[in-house]
Amino acid sequence: MVFELSPSGNGQWSGKTVHAFNGKNGAGPYAVVFDTVGNLYGTTSSGGNVDCNPPSGCGVVYELCPGMNRTWKETVLRSFYVKPKYPEGKLAFDTKGSLYGTTVGGVRAVGGGCGRVFKLTPTENGKWSYNVVHHLRGRPNDGSYPYSGVVFDAAGHLYGTTDQGGSGIWNVGCGTVYQITS
């Protein structure tokens, strides 16, 4: 579920469920981020298309929009299927309103991927278009399993980290910090 905590006085907090997932619309939520008008965006590590990894699904990117009486309406922006899959990291907006994130699943292959950096861009018809920005290739290249998601710096460069890949004493590498420029 997605929940909200509000101060209720005397150092106490009260909680409220904002949205409960049912599997079809996602399951296993991770980090969330707000846009400039108060809509909330997040990822789930499973749920969505159950044909991918039955019966769990491969995850979604969702949007929650506040409505009347403090209710929230969910829209699934992207349901992942096979490659890539498992969007588990923090999302980030660029200055034009596109949403960036990472997936940790995929087939480990030369040039194929050990995760991906993706971009969702709002379109005129209210849908979101999906593009892969970068395929992570693992060791010894640029890393694999980008669990932490992405972040932008003030100059518009996109950064992230990986759990494995790069150099290191272990066979899988000790992880990387990567930068993507347009």
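The values are calculated or read from the model by the stated rules, or taken from the named source; none is laboratory data. Since this is a predicted model, take the numbers as computed values, not measurements. Here Cβ is always computed from backbone atoms with ideal geometry, including for glycine, and neighbour counts include all displayed protein chains.
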Q: Could you check how many residues of the range 145-175 are out of contact with any Asp or Glu (no Cβ under 6 Å at 6 or more places or on another chain) and either modelled with pLDDT under 90 or buried (at least 18 other Cβ atoms within 10 Å of the Cβ) (or both)?
A: 20
Q: Look through the range 10-24, keep the residues that are within 21 Å of Ser79 (Cα to Cα) and touching a strand residue (DSSP E or B) at 6+ places or on another chain (Cβ under 6 Å), and return whichever of them is surrounded by the fewest Cβ atoms within 10 Å (Cβ to Cβ).
A: Val18
Q: Kindly list, by first and then second residue, each pair from a residue in the range 26-49 that is under 18 Å from Ser98 (Cβ atoms) and of a type in the set (Phe, Trp, Tyr) to a residue that is assigned to a strand (DSSP E or B) and modelled with pLDDT of 90 or more, limited to pairs with Cβ atoms under 6 Å and residues at least 6 apart or on different chains.
A: Phe34/Leu40; Tyr41/Val33; Tyr41/Glu63
(Q) Kindly evaluate Lys85 against the criterion of being loosely packed, with under 15 Cβ neighbours inside 10 Å and either under 15 Å from Thr102 (Cβ atoms) or touching a residue at least 24 places away in the same chain (Cβ under 8 Å) (or both). (A) no
Q.
Show the residue pairs meeting these rules: Cβ distance below 6 Å; 6+ apart or different chains; first residue within the range 63-77 and more than 20 Å from Gly26 (Cα to Cα); second residue basic (Lys, Arg).
A. Gly67/Lys73
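Let's see how each residue does on (1) part of a loop (DSSP other than H, G, I, E, B); (2) in contact with a Lys or Arg (Cβ under 8 Å, 6 or more places away or on another chain); (3) modelled with pLDDT under 90; (4) of a type in the set (S, T, N, Q):
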residue: Val82; (1), (2), (3), (4): yes, no, yes, no
residue: Glu88; (1), (2), (3), (4): yes, no, yes, no
residue: Lys96; (1), (2), (3), (4): yes, no, no, no
residue: Gly101; (1), (2), (3), (4): no, yes, no, no
residue: Leu120; (1), (2), (3), (4): no, yes, no, no
residue: Glu124; (1), (2), (3), (4): yes, no, no, no
residue: His134; (1), (2), (3), (4): no, yes, yes, no
Q) Of these, Tyr100, Tyr62, which one is more than 23 Å from Ser182 (Cα to Cα) and hydroxyl-bearing (Ser, Thr, Tyr)? A) Tyr62
